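Okay, so here's the structure we're looking at.
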Amino acid sequence: MSKYLYIFTLFFVANSYSQSFAPAAGELGSTAIHMDSSIIVNWGAKVQVERGYLDISNPGLGLVDFGDSDFAEGKANGDSFNIVSLGDSGVAIITFQRPIKNGLGFDFAVFENGFADDYIELAFVEVSSDGKHFVRFPSTSEASTSEQIGPYSFSDCRFFNNLAGKYKQEYGTPFDLEELKDSNDIDLMNITHVKLIDVVGTINTELGSFDQFGNVINDLYPTPFSSGGFDLDAVAVINEGVLSYESELSDYYRIYPNPTKNKIHIKSKGKTSISIVNLFGCEISEFSFYDEISYSFDVLPNGIYFVKLKNNNSYKIVKVVVEK
């Protein structure tokens, strides 16, 4: 091969996979957000996980089982152990005390537990205003697919955009709701759910995951360990909205305390119909009262509930957080 052809080949390979996105934490131009950053105003309150496979190409191996979902609730731990692992194609849904809103700059950040800047496990990020209709952030991967990134190999976070997990532990990957402004199925001022879906990193196009342009995403694979796949540490809220009742609830209703340890007090004017519904939409209780009543959550688990109130004058839904 001539010297000029060799130089041209190197130039072509180097520029075929440009590293166009934000660099690692601490580097100039990085968007990484430290877990102690003052811009964080709250954290995910509840995490539900559907575990994925140890190896999606061999379902018989079973599912991952490392960590518990409550490890990913509240503030990020910033270590390798207090997380919940999703496994190949696993899913986590995070809900919040108050909704996330589209404000100035980034609106929330997702924390993973990678031990180094170049040890990267990725997940897609979706958001919803009702827990039913989700919209995915348009992700991009520029990582080469000529060779599989193995389970003990390394990558460069500059290859990836709008994928959770591009930053090491203690640092969150931020997301800006403004990028979803043309979406019809969500209210950007009232994001109540964040969904994370593990990126299956194989370059096998029959099993792998794809970015917004249809490019297969080359990520760590296979990772047939109990802690395989994306490891969720926490989700931080940067721009926080208010519950609908805080800004819209009329003088007809008052509910307190919220969050509560076991009991709420409800005040109303006149006869009011009430129903208590859990996060999955199942009705727990239904009754009517006049003027004032207390309701106990003693026999119910911690979590998020919806109190539906109705009288002749108005109809409201109040989100109540139970933290015993």
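Out of E170, E179, which single residue is in contact (Cβ under 8 Å) with a residue 24 or more places away in the chain and in contact with a Pro (Cβ under 8 Å, 6 or more places away or on another chain)? Give the derivation first.
Details: E170 fails: in contact with a Pro (Cβ under 8 Å, 6 or more places away or on another chain).
Step by step, each of E170, E179 is checked, and only E179 is in contact (Cβ under 8 Å) with a residue 24 or more places away in the chain and in contact with a Pro (Cβ under 8 Å, 6 or more places away or on another chain).
Among the strands (runs of 3 or more DSSP E) contained in region 223-285, which hold 2 or more residues that are at pLDDT below 90 and under 25 Å from the mean Cα position of the chain (by Cα)? Even if it seems obvious, please write down each step before you answer.
Details: elements: 234-237, 253-256, 263-278.
Those strands (runs of 3 or more DSSP E) span 263-278.
May I ask you to verify whether S80 is surrounded by fewer than 22 Cβ atoms within 10 Å (Cβ to Cβ) and farther than 22 Å from V199 by Cβ?
The answer is no for S80.
Okay, residues lined up against (1) at pLDDT below 50; (2) in the same structural domain as E112 (by TED's automatic domain parsing); (3) under 30 Å from D70 (Cβ atoms); (4) in contact with a His (Cβ under 7 Å, 6 or more places away or on another chain):
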residue	(1), (2), (3), (4)
F8	yes, no, no, no
F11	yes, no, no, no
P23	no, yes, no, no
G29	no, yes, no, no
A32	no, yes, yes, no
D36	no, yes, yes, no
Would you mind stating whether A92 is in a strand (DSSP E or B), small (G, A, S) and either in contact with a Ser or Thr (Cβ under 8 Å, 6 or more places away or on another chain) or crowded, with 16+ Cβ neighbours inside 10 Å (or both)?
yes
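Has region 132-143 got at least one residue that is in the same structural domain as F21 (by TED's automatic domain parsing), closer than 22 Å to L177 by Cα, among the charged types (D, E, K, R) and surrounded by 20 or more Cβ atoms within 10 Å (Cβ to Cβ)?
Taking region 132-143 first, the residues in the same structural domain as F21 (by TED's automatic domain parsing) are 132-143.
Okay, now just the ones that are also closer than 22 Å to L177 by Cα, so 132-141.
Remaining after also requiring among the charged types (D, E, K, R): 132, 136.
This time we only want the ones that are surrounded by 20 or more Cβ atoms within 10 Å (Cβ to Cβ), so: none.
No, every residue in region 132-143 fails to be in the same structural domain as F21 (by TED's automatic domain parsing), closer than 22 Å to L177 by Cα, among the charged types (D, E, K, R) and surrounded by 20 or more Cβ atoms within 10 Å (Cβ to Cβ).
State yes or no: is Y167 assigned to a loop (DSSP other than H, G, I, E, B), among the aromatic types (F, W, Y), assigned by TED's automatic domain parsing to the domain that holds V41 and touching a strand residue (DSSP E or B) at 6+ places or on another chain (Cβ under 6 Å)?
Numbers: assigned to a loop (DSSP other than H, G, I, E, B): yes; among the aromatic types (F, W, Y): yes; assigned by TED's automatic domain parsing to the domain that holds V41: yes; touching a strand residue (DSSP E or B) at 6+ places or on another chain (Cβ under 6 Å): yes.
It is true that Y167 is assigned to a loop (DSSP other than H, G, I, E, B), among the aromatic types (F, W, Y), assigned by TED's automatic domain parsing to the domain that holds V41 and touching a strand residue (DSSP E or B) at 6+ places or on another chain (Cβ under 6 Å).
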Looking at region 281-308, I want the residues that are over 16 Å from V321 (Cα atoms) and have a partner that is surrounded by fewer than 12 Cβ atoms within 10 Å (Cβ to Cβ) and at pLDDT 90 or above with Cβ atoms under 9 Å, at least 6 apart or on another chain. Which pairs are those?
I293/F287
Checklist (1) assigned to a loop (DSSP other than H, G, I, E, B); (2) at pLDDT 85 or above; (3) more than 25 Å from G74 (Cα to Cα) applied to P301, failing item
(3)
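Residues to consider are F159, F175; find the one that is over 20 Å from M35 (Cβ atoms) and of a type in the set (F, W, Y).
Values: F175 fails: over 20 Å from M35 (Cβ atoms).
Within the list F159, F175, the selection yields F159.
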Contact list, first residue from region 145-157 and in the same structural domain as G214 (by TED's automatic domain parsing) and part of a loop (DSSP other than H, G, I, E, B), second anywhere and acidic (D, E) and surrounded by 17 or more Cβ atoms within 10 Å (Cβ to Cβ), beta-carbon distance below 9 Å, six or more apart or interchain, is I149/D219; F154/D117; S155/D219; D156/D117
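The values are calculated or read from the model by the stated rules, or taken from the named source; none is laboratory data. This one's a predicted model, so the numbers in the text were calculated from it and none came from an experiment. Virtual Cβ from ideal backbone geometry, glycine too; neighbours counted across all protein chains shown.
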